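Before any comments, here is the structure.
Read-outs: derived from the displayed coordinates by stated rules, not from any lab. Model, not experiment: these values are computed from the prediction. When we count neighbours, we look across all protein chains shown, and the Cβ atoms used for this are built from the backbone with ideal geometry, even at glycine.
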Amino acid sequence: MKGWMGKFRVLFILGSTALVLSGCGLENLTALDPKGYGAQVSLDLIILSIVIMVFVFLVVMVIYTFVFFRFRQKKGQEDVIPKQVEGNKVLEVIWTVIPIILLLILAVPTVTATFDLAEGQPEGSDLLNVNVTGNQYWWNFSYDDLDVQTSQDLYIPTGERVYIDMKSSDVIHSFWLPSISGKMDVNPENENTMFIEAQEEGVYWGKCAELCGPSHSLMDFRVVAVSPDEFDQWVTDMKNVDPEAEPETASAQEGKQLFSDKGCISCHALGSSPTAIGPNLTSFGSRTKFAGILDPTKENLVDWIMDPESIKPGNKMTGNYKEVTEEEASKIADYLLQLEPSEITPEDAESE
Amino acid sequence: MSTAIAQKQGFGAILWDYLTTVDHKKIAHLYLFGGGFFFIIGGLEAMIIRIQLIKPANDFVSAGFYNELLTMHGTTMIFFAAMPFIFALMNAVVPLQIGARDVAFPFLNALGFWLFLAGGLILNASWLLGGAPDAGWTAYAPLSTTSPGHGVDFYVLGLQISGAGTLIGGINFLVTIVNMRAPGMTYMRMPLFTWTIFVTSALILFAFPALTVGLFLMMFDRLFGSAFFNPDMGGNTIIWEHLFWIFGHPEVYILILPAFGVFSEVIPTFSKKRLFGYTAMVFATVLIGFLGFMVWAHHMFTVGLGPAANAIFAVATMAIAVPTGVKIFNWLFTMWGGSIRVTTAMLWALGFIPTFTLGGMTGVMLASAVADYQYQDSYFVVAHFHYVIVGGVIFGIFASLHYWWPKMFGKMLNEKLGKLTFWTFFIGFHLTFFIQHFLGLMGMPRRTWTYLPGQGLDNGNLISTIGAFLMAFGVIVFFYNVVYTAIKGEKVSNDPWDGRTLEWTIASPPPHYNFKQIPLVRGLDALWVEKMEGNKNLMPSEPLDDIHMPNSSILPFVMSLGLFIASFGFIYQVDDLRWLIVLIGGMLITFGAMFVRSVKDDHGHHIHKEDLEKGDGL
């Protein structure tokens, strides 16, 4: 399937650029500029179907335009009675059979691709598996085989399939990575599996695509695709984290104390503890965004700790910790921001 | 004419007349104005949604309120605007087109309307009583079953009651069309609009029970502590999705087939040609209706049903494009060789063809399961279903209103205002929704309260909102047109458009009994056949005699009122058991009215031959 429609793709992208002033969307977010296997297969089908359908549309419009101008009632012809035609067998067979053929041209690659993308993990392969849990309104990523936990930012190696096993802890969510793959629903009663494969390093936007409550539109996540070597390094670093490590600055040390005094620690795990009531904060200092949507500045973090409800309505953090002053929030922020256990950060992916 | 008499009797008499009427023509008026009322509410909700999305990170409305808006917009527009408009047309036109004096069950017809109205009022009462439902019009569990407050309870009860009304209406029209056609009107001589209503009624009969079952399960989950959709207790949320879409997909065809029927009347009339390929059109309608039940899982490609299910439903969905394409080409070739008059009704039909073709195109694109992994739940889908539901159903309703308004009310809608409505609505529509295909592919999920700046979504959303204002302007002009016509419109004759079917053989608006003598049908386009033979009207199939008509009754209204009251008992008994009194009281009213209906004989009345001979029979 790959590549044989390259020319159409160029035409299509040019066309959509002309139509949409802002081009075809933000790189690493748009489905029109695929960077992964699944998104590529989807785009090929999108283009194939557009080509077929534009052909049909043009045929309809040519007939339509001709009919309208040719057969519009002219002055003085008000009393003319046109010939009453019942139908035409040949024509009717033509416009039944040709669409069937066109649809077969689309149906065959659709069926092939459907089975292709549903391909399971080969027996005995050592491909990476990640357990993804959808929660109102954040994502948890658990690398069970590697004993590593993370939230919001999913690190994967490029160039290989990563199998993600999805389940929800509350309502239905949907895991959508437009530039890498299509989406799949995250259901509360069964585990859904799909594979994602990023072809280039980069930080890719992910979104929740199924209405899941007030902050549904704010349930973003990121996929950080790094080279396999960098990924191995990241895993090693994450495994070696000491959750009890004392921070360097005094403010951060106080922040660490406050982190447990104020009750943060009862929901937020550090290290590879599988507790996942709230997001795992092991590598919080390297996050691409805070709370999925805020730029990673200290100011934003303090705002979030002080009043998460105003930023993400309906979140489960609000009201579940002791009240903090702005000064205390600032210290907790200092503590969280220095949690950077790995040298491998999203910048490594973006710099490529 | 009864309206004229009612006007002399004052407002109270008119109100009582409409509360008790079992006349299909007046029930059509009720459906039309009920639907129009909810259409305004749903439209206002849409405008607030578009204002919220006009710029990134906007906070015009809160996130929770936004979810209520999008839920109510979808639910209102489908169940309480589009459906009643379809029922208004069915009531106004079908009995006239088949040469009948009323529907088979006039009492049930009235009951169907009052149940619809009760359901719509219950749903919208939620705005005033602590918050509207907020789980989307699809109400996926567990979001819906765990949604706090009573919003979703109003959704469940409102849809359940109006759904019963719809089911009653569907059965009524099936029976009417099977049994009450005038002599000579064989199935293959029925006007295509009647055919589409026939198929639509059959779809209602088979599709709505799935919704009824789903809503009952959800009602028990929310109000009585069961766990059908609670995975923690062994329930399953996917069952709701299946039940909803087994109803939900045929629902799309329930709406669009009557619109196809409208265009199949409007295009021949204003091309002065019989419908091209009538037989193929009938079979295409039946086939679309049949296939409509085979494709529901294409709404669930990303649920994880597996590649085999996805592949089967993908191919089945693509198959629907074939009969739909047949229809488009038949309409084009109806115009071919004709003499096209561009009236407002025809303008809507001409706007419909390219618009709906685009909607059908994206429909086929969505059918390709793997491509759908990208489209699903994105703005691409939002664009698609507005292209088919607005571009198909709403365009069809506008066309039909301009076409049949003279028959329903005896006055022509103003053509100039009608054309202004068309052009602003048509341009506004494409401005609003075309760009949304691209927004979806650029990564904008549907039902999104806001989007962050810097995602390349800003311009598209701005354009979309501007388009929405243009559409709103068009709708306002239309409502102005209705008022203007009521006051200043010119009275029309029986047959203002040079029509082809039976409804144009009688007065506009028709007398209470429709046909003084039931006509004898001698072919497809019965009136046209006579015109071509130089006859002014159809031959009667019976001698002039007494006409048997049903009596008016307040009971349908009372039954619906009882259910309306009982709903609040159902909803609030969760908080306080004393509400059970309201529940029981309401049910007693309903059952009491049913009892009275059952034991009291009502043989209707006769309009006497002598009165008919005297003139208008009144």
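Take every Cα-Cα distance within chain B, group them into 20 Å bins from 0 onward, and report for each bin the whole-number percent of pairs it holds.
19, 54, 25, 2
Just to be sure I follow the definition: excluding the sites themselves, where is the longest run in chain B that has none of the GluC sites (Glu not before Pro) in a DSSP loop with at most 15 other Cβ atoms within 10 Å?
Free of exposed loop sites, the longest segment is B:1-489.
Treat chain A as a sphere of radius equal to its Kirkwood radius over Cα pairs and apply Stokes-Einstein at 20 °C in a medium of 1.002 mPa s; give the translational diffusion coefficient in µm²/s, rounded to a whole number.
91
Run through the range B:541-618 and list the trypsin sites (Lys or Arg not before Pro) located in a DSSP loop whose Cβ has at most 13 other Cβ atoms within 10 Å. Don't skip to the answer; put the middle values down first.
On the way: sites: B:Arg578, B:Arg597, B:Lys600, B:Lys609, B:Lys614; in loops: B:Lys600.
Sparse-neighbourhood loop trypsin sites (Lys or Arg not before Pro): B:Lys600.
Please give the direction-averaged projected area of the C-alpha convex hull for the range B:27-144, in square nanometres with one decimal.
Taking a quarter of the hull surface, the average projection is 9.0 nm².
Do any chymotrypsin sites (Phe, Trp or Tyr not before Pro) in the range B:1-96 lie in a loop, going by DSSP, with at most 16 other beta-carbon atoms within 10 Å of their beta carbon, and if so which?
Those satisfying the criteria are B:Phe60.
For the charge dipole of the range B:506-570, defined by +1 on Lys and Arg C-beta atoms and -1 on Asp and Glu C-beta atoms about the Cα centroid, which residue among B:Phe570, B:Pro540, B:Leu524 has the Cα displaced farthest towards the positive pole?
B:Phe570
With +1 on the Cβ of every Lys and Arg and -1 on the Cβ of every Asp and Glu, and nothing else charged, how large is the dipole of the protein assembly as shown about its Cα centre, in debye rounded to the nearest 20?
Result for the protein assembly as shown is approximately 6220 debye, rounded to the nearest 20.
Quote the convex hull volume per residue of the range A:178-239, based on C-alpha atoms, as a whole number of Å³.
Working: hull volume 7.9 nm³, N = 62.
Looking at the range A:178-239, the number lands at 128 Å³ per residue.
Would you calculate, for the protein assembly as shown, the mean residue ellipticity at 222 nm contributed by helices, counting each DSSP H stretch of 4 or more residues as -39,500 (n - 2.57) and dividing by all residues, to the nearest 500?
Calculated mean residue ellipticity at 222 nm is -18500 deg cm²/dmol.
Determine how many Å³ per residue the convex hull of the Cα atoms of the range B:464-555 encloses.
217
So for the range A:189-344, considering every pair of alpha-carbon atoms, how many percent are separated by more than 24 Å?
Here the long-distance tail beyond 24 Å is 38 percent of all Cα pairs in the range A:189-344.
Among A:Leu336, A:Leu218, A:Leu103, determine the one that fluctuates most according to a GNM of chain A built with springs between C-alpha atoms less than 10 Å apart.
A:Leu103
Do the alpha carbons of any pairs in A:Lys83/B:Lys419; B:Lys516/B:Lys536; A:Lys239/A:Lys316 sit beyond 23 Å of each other, and which pairs?
Pairs exceeding the cut-off: A:Lys83/B:Lys419; A:Lys239/A:Lys316.
Hey, what's the Cα Rg ratio for the protein assembly as shown versus the globular rule of thumb, 2.2 N^0.38 Å?
Compactness ratio reported: 1.02.
Measure up A:Lys75/B:Lys411; B:Lys25/B:Lys488; B:Lys531/B:Lys609; B:Lys407/B:Lys531; A:Lys256/B:Lys55 against 31 Å on the Cα-Cα distance and list the ones that go over.
A:Lys256/B:Lys55
If you take the square roots of the eigenvalues of the alpha-carbon gyration tensor of the range A:156-264 and sort them as a ≥ b ≥ c, do you get rounded (a/c under 1.5), prolate (a/b over b/c) or oblate?
Oblate, because a/c is 1.5 or more while a/b does not exceed b/c.
Could you work out the longest stretch of chain A that avoids the trypsin sites (Lys or Arg not before Pro) located in DSSP loops with at most 13 other Cβ atoms within 10 Å?
Value returned for the longest uninterrupted segment is A:84-321.
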